[in-house]
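Participant: Could you have a look at this structure, given as structure tokens, before my questions?
Derivation of every value follows stated rules applied to the coordinates shown; laboratory data play no part. Remember, predicted model here, so these are calculated numbers, not experimental data. Virtual Cβ from ideal backbone geometry, glycine too; neighbours counted across all protein chains shown.
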Amino acid sequence: MIEVNRYKCGYCGTCVAVCKFNAIDLVETWVDIDEQECRDCNTCVKVCPVGALEPA
């Protein structure tokens, strides 16, 4: 599972754009990662420009 550091996240949507499993959504002012859909591929972690995503 991937965790979001909400203090670092700028809600740019880069993680949403690269997730091939459609497991990430921007919901109002936070990033929501669906635990059922996330496959821990870490693509979102690698592309996050501010390092707000981390493997749990």
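Participant: Please grab the % of Cα pairs in region 15-56 that end up more than 15 Å from each other.
Facilitator: 34
Participant: Starting from the chain, pick out the trypsin sites (Lys or Arg not before Pro) whose DSSP state is loop and whose Cβ has at most 14 other Cβ atoms within 10 Å.
Facilitator: Taking the chain and a limit of 14 other Cβ atoms within 10 Å, the loop trypsin sites (Lys or Arg not before Pro) found are ARG6, LYS8, LYS20, ARG39.
Participant: Another question, then. Please name which of VAL47, PHE21, ILE33 has its Cα lying farthest along the dipole of region 2-55 towards the positive end, using unit charges on Cβ (Lys, Arg +1; Asp, Glu -1) and the Cα centre as origin.
Facilitator: Result: VAL47, furthest along the dipole toward the positive end.
Participant: A further question follows. Before anything else, pin down the relative contact order of the chain: Cα pairs under 8 Å, at least 6 apart, normalised by residue count, whole percent.
Facilitator: 49
Participant: Could you tell me which GluC sites (Glu not before Pro) in the chain are loop residues by DSSP with no more than 15 other beta carbons within 10 angstrom of their beta carbon?
Facilitator: GLU28, GLU35, GLU37
Participant: Give the separation of the Cα centroids, region 1-29 to region 35-50, in Å.
Facilitator: Going from one Cα centre to the other spans 8 Å.
Participant: So, in nm, how far is label ASN42 from label GLU3 when the simple model puts each one 7 Å beyond its Cα toward the Cβ?
Facilitator: It is 1.6 nm.
Participant: With +1 on each Lys and Arg Cβ and -1 on each Asp and Glu Cβ, and nothing else charged, work out how big the dipole of the chain is about its Cα centre, in Debye to the nearest 20.
Facilitator: Charge dipole of the chain: 300 debye, to the nearest 20.
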